[in-house]
Amino acid sequence: MSRSNTTGARRSPGPQNPSQQQQGFQPSGSHYPSSQQGASVKDNYQLNVVPSKLPSKQPSPDPHKPQRSNTQTAKPSPPPSNIAPSSGQATPRRREKKEKDKVKEEDIVKRLQQICTDADPTKLYRNLIRIGQGASGGVYTAYQVGTNICVAIKQMDLEKQPKKDLIINEILVMRSSRHPNIVNYIDSFLHRNELWVVMEYMEGGSLTDVVTANLMTEGQIAAVSQETCRGLEHLHRHGVIHRDIKSDNVLLSLTGDVKLTDFGFCAQISDPAHAKRTTMVGTPYWMAPEVVTRKEYGPKVDIWSLGIMAIEMVEGEPPYLNQNPLKALYLIATNGTPTIANPELLSEVFRDYLAKTLEVNAELRPDAAELSKHPFFKLAEPLITLKPLIKAAREMAKK
């Protein structure tokens with residue numbers, strides 16, 4: 001089963017804003033008037049018809065006689081049919097963007113132009129090699145002209161991007177979030193209707209590659225969890241909820257550096273202590289119960305996802321991955337804290353860490369600052385111990 005089912009009221013469970021949720025690929029609404037509009041549309045066809053010849057003097061109207069109106073009702077032309085004329089050939093369906101959607105897209109492009117650097121990226125970066133491909137574009141490695149630094153470039157075709165506002169959100173969050181545990185944003189460009197986002201290249205790949213290829217020690221799990229928690233603490237302190245924490249969005253360097261990426265689903269809140277959200281956003285298998293049940297939630301949803309990611313590092317996948325996304329959402333809502341196989345094989349401090357992060361009651365769940373003091377993190381091994389796991393995952397990928 002694919003692990004990239006992100007939903008959102010933007011992504012598809014694969015996202016979910018399970019809010020995709022699988023977010024944002026709905027066709028634009030019909031341009032034809034609805035039945036409620038029928039009366040007003042018909043009224044627009046009333047025409048005043050003036051006779052071509054009039055007598056020089058018209059008699060005064062008799063007030064006792066009913067008068068005939070000179071206004072005639074023109075027969076409205078029939079609306080375009082939604083039925084094909086014949087079955088012998090394909091008849092394309094007419095789809096027109098609503099005017100407000102066009103205006104919104106123009107505004108978003110203008111905002112991107114303000115955010116992006118006004119330059120030709122093809123003259124600033126060379127030797128582009130594709131390393132990944134998505135629905136709206138590809139990911140490349142390249143070398144910066146002059147410095148010869150290797151970077152990652154995400155290219156997105158704006159025409160194929162259904163949620164352009166999410167791109168703006170991602171750029172703004174990355175640009176303002178400088179931290180050792182967050183992938184470094186370098187620059188962005190608009191080039192021939194493509195958006196280029198230039199980022200630090202994490203050559204070790206994603207944590208997903210490691211957890212699906214290797215068993216990890218508790219010390220290694222503690223090390224990755226601690227580094228991720230530090231990145232979350234920074235985001236939350238600055239009013240940002242990530243909302244899509246999972247192993248796919250944790251990148252590694254060849255020496256074991258751990259960094260968060262993919263900020264498209266972030267929520268920015270002005271008052272971190274009190275602001276709440278209700279939008280169903282994220283990837284189903286990692287979603288906190290309060291998100292699934294559409295309750296108000298805050299930054300602690302990321303702590304739940306961090307706990308699910310710890311289960312990934314133990315079992316190689318999150319709970320319910322063998323279920324379809326909707327069934328997984330139901331199980332999260334009904335079962336609460338998930339169970340794992342053979343919990344007795346884990347240390348007591350690790351079991352306590354899982355219990356704390358996967359506490360169903362968000363009020364009792366620790367925030368990132370509190371979690372950073374958990375004794376489980378004292379078991380953390382040096383990050384360099386991840387290097388053999390990264391190497392093994394890369395070798396497996398080649399095969």
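The residues of segment 93-147 include none that are surrounded by 12 or more Cβ atoms within 10 Å (Cβ to Cβ), on the phi > 0 side of the Ramachandran plot and either at pLDDT 90 or above or part of a loop (DSSP other than H, G, I, E, B) (or both).
What about THR339, is it among the hydroxyl-bearing types (Ser, Thr, Tyr), under 28 Å from the mean Cα position of the chain (by Cα) and in a loop (DSSP other than H, G, I, E, B)? For THR339, the condition - among the hydroxyl-bearing types (Ser, Thr, Tyr), under 28 Å from the mean Cα position of the chain (by Cα) and in a loop (DSSP other than H, G, I, E, B) - is met. In the set GLU170, GLU194, which member is at pLDDT below 95, within 17 Å of GLN155 (Cα to Cα) and surrounded by 19 or more Cβ atoms within 10 Å (Cβ to Cβ)? Of GLU170, GLU194, the one residue that is at pLDDT below 95, within 17 Å of GLN155 (Cα to Cα) and surrounded by 19 or more Cβ atoms within 10 Å (Cβ to Cβ) is GLU170. Filter segment 219-251 down to residues that are touching a strand residue (DSSP E or B) at 6+ places or on another chain (Cβ under 9 Å) and closer than 21 Å to ASN169 by Cβ, then give me how many there are. Of the residues in segment 219-251, 18 are touching a strand residue (DSSP E or B) at 6+ places or on another chain (Cβ under 9 Å) and closer than 21 Å to ASN169 by Cβ.
The selection criterion, being of a type in the set (D, E, K, R), under 21 Å from the mean Cα position of the chain (by Cα) and surrounded by fewer than 22 Cβ atoms within 10 Å (Cβ to Cβ), holds for GLU200.
Residue-by-condition table, conditions (1) at pLDDT 95 or above; (2) crowded, with 22+ Cβ neighbours inside 10 Å; (3) among the acidic types (Asp, Glu); (4) within 20 Å of the chain's Cα centre (by Cα):
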residue	(1), (2), (3), (4)
GLN161	no, no, no, yes
LEU190	no, no, no, no
GLN220	yes, yes, no, no
GLY231	yes, yes, no, yes
GLY239	no, no, no, yes
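Could you grab me the full set of residues in segment 163-212 that are touching a helix residue (DSSP H, G or I) at 6+ places or on another chain (Cβ under 9 Å), part of a strand (DSSP E or B) and among the hydrophobic types (A, V, I, L, M, F, W, C)? Residues satisfying the conditions are ILE182, PHE189, LEU190, LEU195, TRP196, VAL197, VAL198, MET199. No other residue among ALA380, ALA341, ALA362, ALA333 is in contact with a Ser or Thr (Cβ under 9 Å, 6 or more places away or on another chain) and within 18 Å of MET309 (Cβ to Cβ) apart from ALA380. Evaluating LEU166 against the criteria (1) out of contact with any Leu (no Cβ under 9 Å at 6 or more places or on another chain); (2) closer than 18 Å to LYS259 by Cβ leaves one unmet condition, (2). The residues listed here are GLU363, GLU290, GLU359, GLU317; of these, the one that is of a type outside the set (Lys, Arg) and crowded, with 22+ Cβ neighbours inside 10 Å is GLU290.
With respect to the conditions (1) of a type outside the set (Phe, Trp, Tyr); (2) within 21 Å of the chain's Cα centre (by Cα); (3) surrounded by 20 or more Cβ atoms within 10 Å (Cβ to Cβ), LEU326 lacks only one, and its number is (3).
If I filter segment 249-268 down to residues being in a loop (DSSP other than H, G, I, E, B) and within 17 Å of the chain's Cα centre (by Cα), which single residue comes out as surrounded by the fewest Cβ atoms within 10 Å (Cβ to Cβ)? Don't jump to the end; show me each part of the working.
First, pick out the residues of segment 249-268 that are in a loop (DSSP other than H, G, I, E, B): 253-257, 261-266.
From the residues that got through so far, the ones that are within 17 Å of the chain's Cα centre (by Cα) too are 261-266.
Numbers: THR261: 22, ASP262: 20, PHE263: 25, GLY264: 25, PHE265: 31, CYS266: 22.
Here the residue is ASP262.
Return the residue satisfying two criteria in turn: it lies in segment 306-323 and is within 26 Å of the chain's Cα centre (by Cα) and aliphatic (A, V, I, L, M), and of such residues it is modelled with the lowest pLDDT. This residue is LEU321.
The values are calculated or read from the model by the stated rules, or taken from the named source; none is laboratory data. All figures in this text were calculated on a predicted structure; none of them were measured in a lab. For neighbour counting, all protein chains shown are included, and Cβ atoms are generated from backbone atoms with ideal geometry for every residue, glycine included.
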